[in-house]
Amino acid sequence: MKTVVCFGEIMARLSPRARLRLQQAMPGELEVTFAGAEANVAVILAQLGARADFVSAFPRNAVAEACAANLRATGVGVERLRWLDHGRFGVFFLEPGSSQRSGEVLYDRDGTSFAVAGPADYPWETIFRDAGWFHFSGIAAGVSAVAAEATRAAVAGARAAGLTVSCDLNFRRKLWQWQPGTPASQLFAATMAPLLESADLLVGNACDLAAVLGETFVTDPANPESHRPLLRRCAERFPRLHWIALTLRQTRSADHHAFGALLYLPAEDRLVFAPRAGDGARYAPYEIGQIVDRLGTGDAFTGALIFALNTPELAAPDRAVAFASAASCFAHTVPGDFCLCRRAEIESLMNGNTGGHVSR
């Protein structure tokens, strides 16, 4: 498997311990980790044994250096990072949810190095040398108008270099504020739709796909087949797509989700899903009843899917989506955005070992 290049922004994530509200924890102590959708994808790829490089724009300061060291420690390549003398390192605050109380994210990312780095700051021809796959998400383009231009240049460079291109839509309504007077959903669709014309793999959820299409569809996350009209319309709109993957999440409370996914092959109008019941014919989502950390779990799905599609023994569509769904389920058990895992653990869960027994 050739190198996967992941492009986007990573930030410092500050969160209270013990599910406190921010006003309870401040002044006081907050836990600091690093988090970013594309970096999360690179981390799980590296954990699974693939070569993954993260590309972003970092300011020259101690926080950014600590982040690069943290990424390097997980196995992610950081040699292609761009170090700038202007901009800052972004921060977001996470107030974890609990039971019927939703979680909340507060961004502090205006003026970051990534937000002000334009196309000229990234030598894509050099960056893509020896790479085979390029991954980005809607977050990269949603940060600022300049970042959106840089993302367009990245996608064009990846296509020119002959790389396979994947995109996770990752629509974040709190972003997409860089064109005053234009609603976030409208700016998202107008920006992302042209980029998807160069994508081979599209990942998202039903709401994200409907948003980028600017249409309304009735879907049920408990019924994978109900998504077929949406998937067909998406394939019609973006004919280059080889795969469309949707996560199927039912939020029962902040601590309890039912989770699975589907993979659609447009050329065959074929839909496969995971996990399945014992008879193999019925969708039976993972019931994740004690969520440790919700953030980054969709990125674990995306990274594991990219890995599976490039691994011969996992590449069959039904196995690929089963492996990726298991990886995402596993990610709910790991604190922080990064899914620190081993391939054997994911395959064990994929194969039905859900008991949580101690391995001695």
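Annotations for the structure displayed:
- Just one of the listed residues (Ala68, Ala25, Ala46, Ala73) is of a type outside the set (Ser, Thr, Tyr), under 20 Å from Cys6 (Cα atoms) and either out of contact with any strand residue (DSSP E or B) (no Cβ under 8 Å at 6 or more places or on another chain) or touching a residue at least 40 places away in the same chain (Cβ under 8 Å) (or both), namely Ala73.
- Test: residue in region 136-146 that is without any contact (Cβ under 8 Å) to a residue 40 or more places away in the chain and not in a helix (DSSP H, G or I): yes
- Selection of region 236-259 for residues being in a loop (DSSP other than H, G, I, E, B) and either out of contact with any strand residue (DSSP E or B) (no Cβ under 9 Å at 6 or more places or on another chain) or farther than 18 Å from Leu295 by Cβ (or both) yields Phe238, Pro239, Arg240, Leu241, His242.
- Region 16-73 - residue that is farther than 24 Å from Ile127 by Cα and β-branched (Val, Ile, Thr) and, of those, nearest to the chain's Cα centre (by Cα): Thr33
- Subset of region 133-184 (residues that are of a type in the set (Ser, Thr, Tyr) and surrounded by fewer than 16 Cβ atoms within 10 Å (Cβ to Cβ)): Thr182
- Out of Ala281, Ala320, Ala235, one residue alone is surrounded by fewer than 18 Cβ atoms within 10 Å (Cβ to Cβ), aliphatic (A, V, I, L, M) and without any contact (Cβ under 8 Å) to a residue 60 or more places away in the chain. It is Ala281.
- Among the conditions (1) over 15 Å from the mean Cα position of the chain (by Cα); (2) under 25 Å from Ile10 (Cα atoms); (3) surrounded by 20 or more Cβ atoms within 10 Å (Cβ to Cβ), Pro335 misses just one, which is (3).
- If you check Val4, Val41 for being outside any strand (DSSP E or B), touching a His at 6+ places or on another chain (Cβ under 8 Å) and surrounded by 22 or more Cβ atoms within 10 Å (Cβ to Cβ), only one passes: Val41.
- Just one of the numbered conditions (1) assigned to a loop (DSSP other than H, G, I, E, B); (2) farther than 24 Å from Ala147 by Cβ is not true of Gln24: (1).
- Single residue of Ala206, Ala156, Ala210 found to be closer than 26 Å to Ala120 by Cα and at pLDDT 95 or above: Ala156
The values are calculated or read from the model by the stated rules, or taken from the named source; none is laboratory data. Please read these numbers as outputs of a predicted model, since none were measured by experiment. Note: ideal-geometry Cβ built from the backbone for every residue, glycine included; neighbour counts use all protein chains shown.
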